[in-house]
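One structure below.
Please treat every number below as a calculation from the coordinates, not as lab data. The structure displayed is predicted, hence computed values, not measured ones. Virtual Cβ from ideal backbone geometry, glycine too; neighbours counted across all protein chains shown.
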Amino acid sequence: MDRYARLRELRQGNAAGDDPTTPITPDGGDLELTVRCYTSRDSAEFATHRMRLHPDGTAELPHDLHAERIAAALGSFTSCLELVDSVIPALLSALPLISRRARVALDRDARGQWRIPRDRARGCCRRATFPDPTLAVEHLRDPRHALGAQSFAHDAIAGPVFAAAEAAWARARPAHPDVNRLVVEGDGIDQLWRAGIHPDDIPALAAPAAAVARPLPATYFVRMRYGAVDPDWFSTVIAARPDGEFAAWLSAREGAVPDARAWAAWLRYGVTPRDAELATERRISPDVVPAVVAATAWPPWLAARNVMAWAAAGCTPTPAHFAALARHGLEHHRPSAAAIDALIADIARDRGDPVLPRPAQPAAAPLEAEPGRTELAVLLALLGTRRQVVSRVRTGVTAIDCRALASQQSA
Ligand SMILES: [Zn+2]
């Protein structure tokens, strides 16, 4: 059984699957409200009167609609005919969204902006982009979208009708105390409601972050609901760093993501998420940490931090290199990429060579005749100055075994 079956189901957008039997009000009763009644398309003047909307979609109005239709055929105007003919059908079609039971999926463009999917898009939003999912689903609930074409009815007539249905559904929203505790913000449940997320679905959205003992930010839920982060991948990584802010950040990670197991292993060593990502990008295996621990007797967190610090400077020292650094008490040395670049330029100048950058080396690379970036950087750390490294290289120490050098230094 897929632990995240409900989450995957929610993400599968299906406009055709919207429940057409969604009632107008949560209790299946009438919706009563005050509507505006215009007798001219060109005048801003209106009267107000009550309307009672029955569960079957029929409306009770203080008009004889049959007579109004005859009058309309002769050229008179009553906005209540539009109310009955356009607004109420539009409201009925929007009820799955208003009740937060619709399964809405959103598309993304190349820049990460959110888009209304083809099966729900209309003229008003076919090309629209939204900076966040909440704005996109708010648009779907907007009467302008539900009514489609430009109509007199939009704001003045449809607005209050949609607002009354929205209010009725919001009032009847279930209040589960255990669900409230899942969201960190005081108004988190409201924020999620605005984002089209029903309280009943919040536990399914929280499931991939079950390792986090504390409440999660609303942004996490919105992203988990509408984004594409893989819940299995997410749960592996979050278990290594069970933190709400990290969960919110991680929930936006999708597409080409670092290997979850490697990333989690780095996080468990206490390195920052950014460094863990750098390590996985550079294919530095977390398995190097126990080897460095064995070679140096550093605690694992220090070994991991040092592997990271050297990786950030474009270097991948071997456990033997780290052993040399440890013997020189350099466990808190932070290599500087700029200083290493300058050293490489110094050596090239010393030889009269063109200055070429030396790329980062994979950890397993055999020592070459020419010292590589990592060897030079380790030498710089051990000897202290660029000048000393240049003269050492000039004397013909080209293939440098730092172990030999280290024992030589300490002898
Ligand atoms: Zn639209």
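Remarks
- Listed peptides 39-49, 21-31, 58-68, 237-247 by packing density, highest first (mean Cβ within 10 Å): 237-247, 21-31, 58-68, 39-49
- Relative to the Cα centre, the charge distribution of segment 177-250, modelled as +1 at Lys and Arg Cβ and -1 at Asp and Glu Cβ, gives a dipole magnitude of about 100 debye.
- Gain on full stretching of the segment that runs from Ala213 to His332 - 0.36 nm per residue minus C-alpha separation: 39.5 nm
- Acute angle (nearest 10 degrees) that the helix 300-312 long axis makes with the longest principal axis of the chain, alpha-carbon atoms: 90
- Across the chain, Cα pairs under 8 Å and at least six residues apart give a relative contact order of 10 percent.
- Segment 8-171, relative contact order [Cα under 8 Å, separation at least 6], %: 27
- Candidates Ala345, Thr78, Pro203 compared by Cα position along the dipole of the chain: farthest toward the positive end lies Ala345, with charges placed on Cβ.
- Principal-axis tilt of helix 373-383 within the chain, Cα atoms, nearest 10 degrees: 60
- Counted residue by residue at 0.36 nm each, then reduced by the alpha carbon distance between them, the extension gain from Asp64 to Asp107 reaches 10.9 nm.
- For segment 260-312, a simple Cβ point-charge model (Lys and Arg +1, Asp and Glu -1, everything else neutral) yields a dipole of about 40 debye relative to the Cα centre.
- Segment 260-312, relative contact order [Cα under 8 Å, separation at least 6], %: 41
- Considering only Val222, Val184, Ala247, and ranking their Cα positions along the charge dipole of segment 177-250 that arises from unit charges at the beta-carbon of Lys, Arg, Asp and Glu, the one farthest toward the positive end is Ala247.
- Taken about its Cα centre, the chain carries a charge dipole of roughly 1600 debye when the Cβ of each Lys and Arg holds +1 and the Cβ of each Asp and Glu holds -1.
- Length released on extending from Ala339 to Thr39, taking residue separation times 0.36 nm less the Cα-Cα span: 100.0 nm
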